[in-house]
Amino acid sequence: ALSPLGKNRFEDLLKDATGKGFLEVAVRRDRRYVKVSDEFYKVFERNAPSDIGKKIIRTLVNYYASKGYLVIPGAPTNGPDAIVIPVIGATFDCENAFAAEVEALKGDKHHIVHTLTKESSEALKKVVLWIPLEKVTTVYEVLKNTTIDDVEWSVVATDGEAVEVFEDLAEMEEYIAKAKHEHKLMDEFTIEPKSNQTNEMLKGLIQGV
């Protein structure tokens with residue numbers, strides 16, 4: 001189902017987000033410039049509270065927003081870490097909304113399976129598992145040796161700048177072989193978000209409006 005946004009609704013959302021301290025708006029030469037504040041990210045970070053989790057979820061939000069998706073936080077108790085909704089013109093494509101989950105620390109079979117099969121994600125199109133880049137091999141081994149029925153999934157690995165998207169096990173296996181050859185998987189996991197990433201957020205939220 002497509003949910004229309006409309007100019008008036010967009011203005012209401014922008015006003016609400018600004019009032020809550022999520023956005024900072026400046027007007028220059030009849031154009032509005034919007035910057036996302038740290039308060040906005042903190043709403044997502046409560047769903048991935050470890051240091052690594054916070055860094056991954058910031059990358060997640062920036063990544064999808066810069067590609068024109070609406071990204072909203074899930075319920076902190078039993079919801080997905082984030083819900084991602086495609087935006088087509090001035091409408092939300094809710095039928096193709098999907099869950100984005102951060103798997104930052106544990107990486108064991110039980111936890112990965114639980115994350116991919118949350119009841120709260122059943123109504124969504126798929127589950128995208130976001131992981132640290134150095135955990136690609138660990139997650140690959142779990143998924144390779146685990147049967148997960150009725151769940152469409154993909155994996156995204158990041159070090160905070162590079163983002164590797166894997167739609168299936170074959171793509172993960174190919175990456176692992178190449179990365180081992182180049183010794184990439186041994187790199188220390190560090191993330192320093194680029195300052196211009198926050199400015200990319202609004203592009204995704206208002207694209208086509």
Qualifying positions in the stretch 41-62 - touching a residue at least 24 places away in the same chain (Cβ under 8 Å) and assigned to a helix (DSSP H, G or I): VAL43, PHE44, ILE52, GLY53, LYS55, ILE56, ILE57, ARG58, THR59, LEU60, VAL61, ASN62
Scan the stretch 146-182 residue by residue and report those that are in contact (Cβ under 8 Å) with a residue 12 or more places away in the chain, farther than 25 Å from ASP51 by Cβ and part of a loop (DSSP other than H, G, I, E, B). THR146, ILE148, VAL151, GLU152, GLU167, ASP168
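Table: residues versus (1) modelled with pLDDT under 75; (2) more than 21 Å from LEU124 (Cα to Cα).
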site	(1), (2)
ARG28	no, yes
TYR33	yes, yes
ASP38	no, yes
LYS54	no, yes
TYR64	no, no
GLY68	no, no
ALA104	no, yes
Restricting attention to the stretch 120-154, and to residues there that are surrounded by 14 or more Cβ atoms within 10 Å (Cβ to Cβ) and of a type in the set (Asp, Glu), which single residue is farthest from the chain's Cα centre (by Cα)? GLU141
Inter-residue pairs, beta-carbon under 7 Å, first free of Cβ contacts under 8 Å to residues at least 12 places away in the same chain and in the stretch 15-32, second open to solvent by 100 Å² or more (accessible area, probe 1.4 Å), 6+ apart: VAL25/ARG32; ALA26/TYR33
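The values are calculated or read from the model by the stated rules, or taken from the named source; none is laboratory data. Here the structure is a predicted model, which is why all the values come from computation and not from measurement. All Cβ positions, even for glycine, are placed from backbone atoms using ideal geometry, and neighbour counts span all protein chains on display. Note: accessible area is taken over every heavy atom of the protein model, side chains too, but ligands, DNA and RNA are not part of it. Shrake-Rupley method; radii C 1.70, N 1.55, O 1.52, S 1.80 Å.
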